[in-house]
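Right, one structure below, let's go through it.
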Amino acid sequence: MNIYLRPVNEADLAILFEFEHDPIANKMADFPAREREAFYQHWQQKIFADEQAMAQGIWLDNVLVGNVLSWVNDELATEVESEVRLVGYWIGREYWGQGIATNAVKMFLQQYISSPVYAYIDEHNQGSLRVAQSNGFVDVTAQYVSLFSKDNLRIFKRGHI
């Protein structure tokens with residue numbers, strides 16, 4: 001199994017859109033699918049246009065199977081951490097349970113992230129919880145209770161390497 005990362009480009013978005021429109025994946029992640037126009041607008045304005053955002057396609061044997069990305073969230077900033085970076089990923093359901101996400105997130109963190117990084121995860125999403133824990137993330141939700149409107153949303157942190 002040959003897993004590698006490559007920058008997401010405009011041509012990749014059609015496949016990533018289809019992955020995001022999987023109703024089972026949406027329920028698992030507790031994340032609603034965007035309409036096509038909103039999806040493309042999000043990528044153009046929030047990811048490609050943001051100098052602090054990083055987006056890598058997850059490739060398996062020359063097939064795009066998902067993406068892993070990172071962005072800065074100013075809402076989480078504190079006096080101690082003025083820049084709070086988050087990481088997230090989305091992988092096509094047919095690729096779940098094969099260790100692809102765990103390995104892709106590990107590669108992404110090793111190649112692109114040198115500071116502490118956070119991740120939001122629905123507590124019912126056992127797969128993403130395993131990916132996070134396998135990559136050294138720990139649950140720090142109790143430190144950020146005021147930020148959450150959903151009881152099932154957890155925040156995980158991975159410290160300096």
Quiz item: Hey, any idea what the orientation-averaged projected area of the convex hull of the range 10-141's Cα atoms comes to, in nm²?
Solution: 8.3
Self-check item: Percent RCO, i.e. relative contact order, over the range 35-154, from Cα pairs under 8 Å lying at least 6 residues apart
Solution: 17
Self-check item: DSSP-defined antiparallel bridges as percent of all bridges, the range 30-161, nearest 5
Solution: 90
Quiz item: Which residue, chosen from V68, M28, Y95, occupies the Cα position most advanced towards the positive end of the dipole of the range 5-161, where the dipole is computed from +1 (Lys, Arg) and -1 (Asp, Glu) charges on Cβ about the Cα centre?
Solution: Y95
Practice problem: Using a 1.4 angstrom probe, figure out how much accessible area the chain has per residue, in square angstrom, rounded to the nearest whole. | Solution: 56
Self-check item: Shape call, the range 27-101: gyration tensor on alpha carbons, a/c limit 1.5
Solution: prolate
Quiz item: If you put +1 on each Lys and Arg Cβ and -1 on each Asp and Glu Cβ, how big is the dipole of the chain around its Cα centre, in Debye rounded to 20?
Solution: 440
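At 1.4 Å probe size, with the rest of the protein present, what percent of the exposed accessible area of the range 6-60 is carbon and sulfur atoms?
With neighbouring chains kept in place, the figure for the range 6-60 is 55 percent.
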Practice problem: Pop out the ³J(HN,Hα) list for the range 122-135 in order, Karplus 6.51 cos²θ - 1.76 cosθ + 1.60 with θ = phi - 60°, rounded to Hz; leave Gly and Pro as x. | Solution: 5, 5, 8, 8, 4, x, 5, 4, 5, 4, 4, 5, 5, 9
Exercise. Could you work out how far the C-alpha centroid of the range 6-27 sits from that of the range 82-135, in angstrom?
Key: 16
Quiz item: Per-residue accessible area for K46 at 1.4 Å probe radius, Å² rounded to 10?
Solution: 130
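The values are calculated or read from the model by the stated rules, or taken from the named source; none is laboratory data. In this text, all values refer to a predicted model and were calculated from it rather than measured experimentally. All Cβ positions, even for glycine, are placed from backbone atoms using ideal geometry, and neighbour counts span all protein chains on display. Just so you know, the surface numbers come from the protein's heavy atoms only, side chains and all, with ligands and any DNA or RNA stripped out. Shrake-Rupley method; radii C 1.70, N 1.55, O 1.52, S 1.80 Å.
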